[in-house]
1. Relative contact order, percent, of the chain when contacts are C-alpha pairs under 8 Å separated by at least 6 residues?
2. Using amide H atoms built 1.01 Å from N in the peptide plane, name the residues 5+ places from Ile80, or on other chains, whose amide H lies under 5 Å from its own.
3. Per residue of region 194-200, what does 6.51 cos²θ - 1.76 cosθ + 1.60 with θ = phi - 60° give for ³J(HN,Hα)? Whole Hz please, x for Gly and Pro, Karplus curve as stated.
4. Local charge sum around Thr252 (other residues, Cβ-Cβ under 13 Å, Lys/Arg +1, Asp/Glu -1)?
5. Quick one: work out the % antiparallel among DSSP beta bridges in the chain, nearest 5.
6. Over the chain, with a Gaussian network built from C-alpha contacts below 10 Å, which listed residue (Thr193, Thr209, Thr21) shows the highest mean-square fluctuation?
7. Given the Cα-Cα distance of Glu92 and Glu26 and 0.36 nm per residue of separation, how much length would full extension add, in nm?
8. Along the positive direction of the dipole of region 1-54 (beta-carbon charges: Lys, Arg +1; Asp, Glu -1; about the Cα centre), which of Phe19, Met34, Asn2 reaches farthest?
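Any read-out appearing in this document is the output of simple, stated calculations on the displayed coordinates, not a laboratory observation. Predicted model, so just to flag it, every value in this text is computed and none were measured. All Cβ positions, even for glycine, are placed from backbone atoms using ideal geometry, and neighbour counts span all protein chains on display.
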Amino acid sequence: MNNSIYHLFASLFRDRSRFLTSRKLEEFPFPKRMLSCDNVGAFPDLAIRVNRDRRVFTGGELLELKDSKSMNVSSFNSTIPTGFKKIETLLEEQPGIQIQMENVGDFIHALPVRDVFYLVRGKKSSKKDPAEVVKVCLVHGKFFETVDPRDLIRKAFSQIVEERFGTSGTAIPTTAKDEFLSAFDDHHSFAQTRHVEKASVNVRFRIMTEVNSAGNILKYKDISDNTLSFLAPFYTEDEKTFLRMRMKTAFTESSLTQQYATLRQFEIRHINNGPFWVFQSDL
């Protein structure tokens, strides 16, 4: 059987009612046979095995779990959300992941660039209605990455420089400013632990990112209460057709052929990043 994010969604669909009762997302019964990495607590939390035949399903997707006690996506600590990740870069950052993948016989380097997905769960209740409402979205990282991470960091630090020196009368040559900001292009370079001579503590800079209204999928009006949704971007009608074919095939291969017809399918348009196709089911 194939491995892919679509097959994972079919598995989530089968056990979807457990999203209402699982105390933590990592306690959800993910299909272990489909995974090459279980790394809860560091990016990625889970990784799907790469397929031998990658014509329809590549497999190899990376998955991060984002659990929240509200209808705001929980913050991203130390990692900036992204739609794709180079496996070579990931293994440099997390050497232990390679050992896990090798131990299960995964084809690690057969897929150099991996799609990144986020499994987001939000909850809410009120005094008027104490019954807890739950929304679960398995969403491609392009929903959050609308600006290249390097540009995001550089422009954020550029704002700091402008706020500090822009109105002080101190002119900063453009070349000097660009050279300074280039040090922040890769957050892993300045996220390293630094030791200052004679200091009793080490210093480590970390980046925390939070979604704004454009990226808060839990508050999009088409994401109904008590639903499980899958969202992936598409840019042509052919890509949308291919998305639907893959999901239907994954449900068929998961012995859920009839259940596929119960999925609601529609388009959501991201404010900054175009259309996403949605598959949705009640929990």
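1. Numbers: 464 pairs, mean separation 55.9, N = 283.
Reported as a whole number, the value is 20 percent.
2. none
3. 10, 10, 9, 3, 6, 7, 8
4. Values: positive: Arg244, Arg246, Lys248; negative: Glu253.
Here the count lands on +2.
5. Numbers: 35 of 46 bridges.
So the antiparallel bridges amount to about 75 percent of the total.
6. Taking springs between Cα atoms under 10 Å, the residue moving most is Thr193.
7. Working: separation 66, 0.36 × 66 = 23.76 nm, distance 2.45 nm.
My answer for the length gained is 21.3 nm.
8. Asn2
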